[in-house]
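Working notes for the structure below.
Taken together, the values in this text are just the output of simple stated rules run on the coordinates, not laboratory data. None of these values were measured; they are calculated from a predicted model. Every residue, glycine as well, gets a Cβ built from its backbone with ideal geometry; the counts of neighbours run over all protein chains shown.
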Number of protein chains: 2
Amino acid sequence: MFDIRPVGYVIGLLVAALGATMLLPLLLDLLSDNGHWPVFLESAFITILFGSLLALSCQNAVGEGLTIQQTFLLTTGVWAALPLFGALPFVIGATDASFTDAYFEAMSGLTTTGATVFSGLDELPAGLLLWRSLLQWLGGIGIIVVAMVFLPELRVGGMQIFRSEAFDTLGKILPRAAEIASQITWIYVFLTVVTILLYAGLGMSFFDAVNHALTSISTGGFSTHDASFGAFQGAPEYAASVVMLLASLPFVRYIQLVNGSAKPMLRDSQIRTYLTIILVVAVVLALFQVFYDRRGIEPSIREALFNVTSIISGTGYASVDYQEWGTFAAMVFFFLGLIGGCAGSTACSVKIFRYQILFSAVVNQIKALHSPKGVFILRYDGRPIGDDVVNSVISFFVLFTVSLGLFAVALAMTGLDFTTSISGAAAGLANIGPGLGDTIGPSGNFSSLNATAKWIISAAMLIGRLELVAVYALLTAAFWRA
Amino acid sequence: MFDIRPVGYVIGLLVAALGATMLLPLLLDLLSDNGHWPVFLESAFITILFGSLLALSCQNAVGEGLTIQQTFLLTTGVWAALPLFGALPFVIGATDASFTDAYFEAMSGLTTTGATVFSGLDELPAGLLLWRSLLQWLGGIGIIVVAMVFLPELRVGGMQIFRSEAFDTLGKILPRAAEIASQITWIYVFLTVVTILLYAGLGMSFFDAVNHALTSISTGGFSTHDASFGAFQGAPEYAASVVMLLASLPFVRYIQLVNGSAKPMLRDSQIRTYLTIILVVAVVLALFQVFYDRRGIEPSIREALFNVTSIISGTGYASVDYQEWGTFAAMVFFFLGLIGGCAGSTACSVKIFRYQILFSAVVNQIKALHSPKGVFILRYDGRPIGDDVVNSVISFFVLFTVSLGLFAVALAMTGLDFTTSISGAAAGLANIGPGLGDTIGPSGNFSSLNATAKWIISAAMLIGRLELVAVYALLTAAFWRA
Ligand SMILES: [K+]
Ligand SMILES: [K+]
């Protein structure tokens, strides 16, 4: 077996960094004078101590870089280990959560899923609310770096198509990660600050503005209110629609934009397709409301736009219970969640570029039926793409579909009804947040599920966030023999 | 555009043949002396007249054979046109059905789906019941010929993998169709007769035995009783399990068996995989009932075996409302229907061989992640398979998944609930028959759906029966330009 210590080293450092982040809610609770700051002191102490010890004990094995196997293990290891520590404040703090609930919430945060097991959010201490938002914000920046650096390099799920893009000249995995991470982080921080100002300017309290900015930019969807974004109806819904949209575009386009080149963004077929879908579906749902439910035009457009953007981007805020618009709307939202945003962003699910490639493959196949001797080359964004990419995309799609089915069966086995099982599996695997039905729908939460169901959904969130293949690769014997 | 008259000629002949078949229920109603025979006289007259006129008017254009385009059009044309005439007895007869209901029932018959809009089956005249069964029996033999001759030749959905098998030396499409059709028909008739004797020997009335033999061997699932196979609990359930299993194996293996070679059947990996799935799922569901519901061992095994075979083979008989076993069972049955039987039989859905190929593709892809320089060849049944087959299978899977979603959305738009919409789309597209929920579940039927929903499901049945690609190919402009 390969040496797992370099993996332990990086995980140790990240755990320690997570612990350091706990000082922010600690500071907030101190300033709020609500008496809850010891929760974060204790959590930070345990987390930093454990992380440092792990890093130190593995340090002597750290060499030039990571092998493919080590990189795979690192990716899954980070997202499985960090929630263990991210969960501490929920166990120790005012939520007084079981380990299952706390791990679920932390996993939901770090994978930017946004499914919550807590109700009475409005009453929680400020520090805990900020901690939930921070988990999503950290998970968001983490996943962008993974999606832009690690997954293309590991050729997971067709992400290799984005490998050479914009980073042709960079070197090995880790230095490249550092380079990209710093550029992306600046853009991510900038967008977050702008969003805070925007939300505050539109009437949110500064605390709400900060929390919702953190969870919008990460397409996370945690809120500080049980009513979710329903607490901010009107102009903030338009603002959030734009922010969630920006958060689910490929971040490489922002780097190019900052470097003075707007063309790649304007010409990106993934972005065009994404915008077209949002526009068409939002208009259809708005018309549906105007004509069938006799609602006003402005609220219909606003709520359709907000909720469509929220679900397709995988943010998962709800401003209304859209199930009241009828089963047609509910079904549309279910499948919107299975589309997802653009690759290279914080959005999850199958993603636009994969549907573009699958669609081209099907069209080519049908053309070949008529002209058996014709040769049809698969293109993405105008450039021919190799079999390697196509096969990866297909593997992803098959694994996604089959995993969705298996998770739904597993959830049904815990006693959940058909709608809750299927939509719960989708809400977890595609990192959306809300499901359908009374229990886990947009106006419900995941608290009443039994422990087994929560662990199943936690696993789905992890597997979905890491594009499935990156996790499933660990399950093969060949992986560990290498 | 190409000449569509040769297509019209074959459709005309088949319509006339369908009209001739109506003489069987006519004879039965005459013998039963129930006064219903004029229904079939009138229907037969119209059908034979129309079919003959169509064939005669197109006859002068009939030449050497059919082009690819003509063959595509023929396949879809036959399954869209025959239900128009198969529906006549339901409109004229005691069911007094609307055109929508009658077309739905005839389409459900000819595609071997088995979803019914009629209740009070036990009270219907014998001729109408026999007509429903005959539609399925004819549809079954029709689809085997299409699946063994036309689809491989048209390279639809990966079926080309079965192209050369056993028929290497045969000539052009139409002569080959005649050759295979005659061999298959003998086997099909033989199996039907054996099944009649088996069912009658186990206590069914001769009439019930004939009808259920016709709808078992075609994996159709129409019954003469509202209780479906629940009217024959006990030994007939074991017998039917075996018959449905035999009906969903590749029929080419029977031809080989008759010619003295049992090896191909014993070594067929598709058959082995299929049997393994049935066995494992039936045992799990039986154990589930024994331990959780504290039921007896024998009825648990019997009902699990019967209903698992019924759903995975796409027959769709129900002997009990398995939704009472809990949502776990319901979810398992939902996904069993999306697996389906073996290619080259009357079974529908995605089918075992496609999952085998998709699974191999995913495994190869994951192997390639670890060993980027390795070359992994895709095999099916031990033989390497070409990109053409893999691409076709993938296109099929993508089209199937996306179509399922779109049909579910369309059904939800007609006002059906989430479970009914999704399971109704699956029941139609995969030609299973029953869906889930109170309305269209195993103890319900499709009568209460509105006309739009019925037309949507009729379209799904047609598209699913012809392996999707064969129908979708007609929707491209390139097809008609050729
Ligand atoms: K989310
Ligand atoms: K059926």
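Taking trypsin sites (Lys or Arg not before Pro) across segment B:175-279, none is in a DSSP loop with at most 11 further Cβ atoms lying within 10 angstrom of its Cβ. Restricting attention to the protein assembly as shown, the count of lysine pairs at 8 or more positions apart or across chains with alpha carbons under 24 Å apart stands at 8.
Applied to segment B:98-110, the Karplus parametrisation 6.51 cos²θ - 1.76 cosθ + 1.60 on θ = phi - 60° returns per-residue 3J(HN,Hα) values of 5, 4, 4, 4, 5, 5, 4, 5, 5, 5, 4, x, 5 Hz, with x for Gly and Pro.
When residue A:381 is represented by a point 7 angstrom out along its Cα-to-C-beta vector, the spacings to that point in the other copies are 4.2 nm, nearest first. Annotation for segment A:254-291 versus segment B:86-129: alpha-carbon center distance of 48 Å. 3J(HN,Hα) along segment B:206-216: 4, 4, 5, 4, 4, 4, 6, 5, 4, 8, 7 Hz, from the Karplus curve 6.51 cos²θ - 1.76 cosθ + 1.60 with θ = phi - 60°, whole Hz, x for Gly and Pro. Taking other C-beta atoms within 10 angstrom as a stand-in for reagent exposure, B:311, A:297, B:48 fall in the order A:297, B:48, B:311, fewest first. Among the trypsin sites (Lys or Arg not before Pro) in segment A:288-325, those located in a DSSP loop and surrounded by at most 10 other Cβ atoms within 10 Å of their own Cβ are A:294. For residue B:380, the amide hydrogen comes within under 5 Å of the amide hydrogens of B:385, counting only partners 5 or more places away or on other chains and with H modelled in the peptide plane. With R₀ fixed at 41 Å, the C-beta to C-beta distance from residue A:31 to residue A:227 puts the FRET efficiency at about 0.95.
The other copies place their residue A:61 label points at 7.4 nm from this one, listed shortest first, where each point is 7 Å from Cα along Cα→Cβ.
Within segment B:53-153, report the GluC sites (Glu not before Pro) that DSSP leaves as loop and that have at most 16 other Cβ atoms within 10 Å.
On the way: sites: B:64, B:105, B:123, B:153; in loops: B:64.
Those that pass, being in a loop and sparsely packed, are B:64.
Label-point distances for residue B:275 to the equivalent site in the other copies, using a point 7 angstrom along Cα→C-beta, read 5.9 nm when ranked shortest first. Counts of other chain beta carbons within 10 angstrom of each beta carbon in peptide B:357-369 average 6. Spin-label model, residue B:3/residue B:262: points 7 Å from Cα along the beta carbon direction are separated by 5.0 nm.
Where Lys and Arg each count +1 and Asp and Glu each count -1, what net charge lies around residue B:306 among other residues with Cβ under 14 Å from its Cβ? Result for the neighbourhood of residue B:306: -3. Ranking of B:269, B:313, B:43, B:205 by neighbouring Cβ atoms within 10 Å, starting from the fewest: B:205, B:269, B:43, B:313. Counting other Cβ atoms within 10 Å as a rough exposure proxy, the listed residues B:423, B:261, B:447 run B:261, B:447, B:423 from fewest neighbours to most. FRET efficiency for the pair residue B:67 and residue A:379, taken as 1/(1 + (r/R0)^6) with r the Cβ-Cβ distance and R0 = 25 Å, rounds to 0.30. At an R0 of 60 angstrom, the distance between the Cβ atoms of residue A:185 and residue B:474 translates into a FRET efficiency of 0.70. Normalised by the number of residues in chain B, the average gap of Cα pairs under 8 Å and 6 or more apart makes the relative contact order 18 percent. Look at the alpha carbon pairs under 8 Å that are at least 6 residues apart: their mean separation over the length of segment A:352-481 gives a relative contact order of 17 percent. Remark: segment B:461-474, residue by residue, has Karplus-estimated 3J(HN,Hα) of 4, 4, 5, x, 4, 9, 6, 6, 4, 5, 8, 4, 4, 5 Hz, where x stands for each Gly or Pro and the curve is 6.51 cos²θ - 1.76 cosθ + 1.60 at θ = phi - 60°.
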